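This report refers to the structure that appears directly beneath it.
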Amino acid sequence: MDISVVIPALNEEKTIAATLTALMALNPHEVIVVDGGSSDRTREISEQMGAVVITGAPGRARQMNRGAGQATGDVLLFLHADTRLPPRAFDDIVAALEDQRFLAGRFDVDLEGDHWLVKIVGAMINQRSRITKIGTGDQAIFVRREVFARMGGFPDIPLMEDIAFCRALKRLGGFACLRSRVLA
């Protein structure tokens, strides 16, 4: 299973290198950074680290849809520019999607921060998602390419496109909630 990673980005020079370093260690099929008009070094850093960088209209949904349109993998993984995948992320995705009941899924999330409340918020996000089978972009949503195409991609809305996408996806079939954690 070839996994294409799509990263929407806008002025992410402070975080994109760490995200791409963790990602490139997994040997992805391809990495597409869709820049929404950054005025910093996001594009330069991404290209230096081996990502294909394309330009898209600003707006996370538009950027992710543009990147998905360029992707060639069997699976699309939508990753925020400040989120790092766990070392076995691709193995976990493949294992989940080998079960034909699952069309898509997401990871649990650990939120970065020193305040004790951050860990509780992360745990609550994971639990809510496990109960509702609806993921958020911070949880690195993955989906079979043909399912994404059949759905017409993310809805072109300014906020919560991830929630709307997962709600629509849930009506089509199973959604895997992986226990391995991304760091956001």
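List the DSSP H helices in the chain whose Cα atoms stretch 20 Å or more along the helix axis and whose mean Kyte-Doolittle hydropathy is at least 0.0. Helices meeting the criterion: 116-132. Computed with every protein chain present, the accessible area of Arg167 is close to 130 Å² [probe 1.4 Å].
Taking the centroid of alpha carbons for each part, region 42-63 and region 123-178 are 22 Å apart. Solvent exposure of the chain amounts to 47 Å² per residue of accessible area, where only protein heavy atoms count and the probe is 1.4 Å.
Solvent-accessible surface (1.4 Å probe) assigned to Glu47 amounts to roughly 100 Å². Volume per residue for the chain equals 106 cubic angstrom (convex hull of Cα atoms).
Relative contact order, whole percent, for the chain stands at 26, derived from Cα pairs under 8 Å and 6 or more residues apart.
How much mean residue ellipticity at 222 nm does the chain get from its helices, if each DSSP H run of length 4 or more adds -39500 (n - 2.57) and you divide by all residues, to the nearest 500 deg cm²/dmol?
My calculation for the chain gives -11500 deg cm²/dmol from helical runs alone.
For region 1-146, the residue among Gln70, Gly50, Leu26 whose Cα projects farthest onto the positive side of the dipole built from Cβ charges is Gln70. Per atom type, the chain shows carbon and sulfur on 54% of its accessible surface, probed at 1.4 Å.
The values are calculated or read from the model by the stated rules, or taken from the named source; none is laboratory data. Small disclaimer: the values here were computed from a predicted structure and weren't measured. Positions of Cβ are generated from backbone atoms using ideal geometry, with glycine treated the same way; all protein chains shown enter the neighbour counts. In case anyone asks, the SASA skips ligands and DNA or RNA and just uses the protein heavy atoms, side chains included. Shrake-Rupley method; radii C 1.70, N 1.55, O 1.52, S 1.80 Å.
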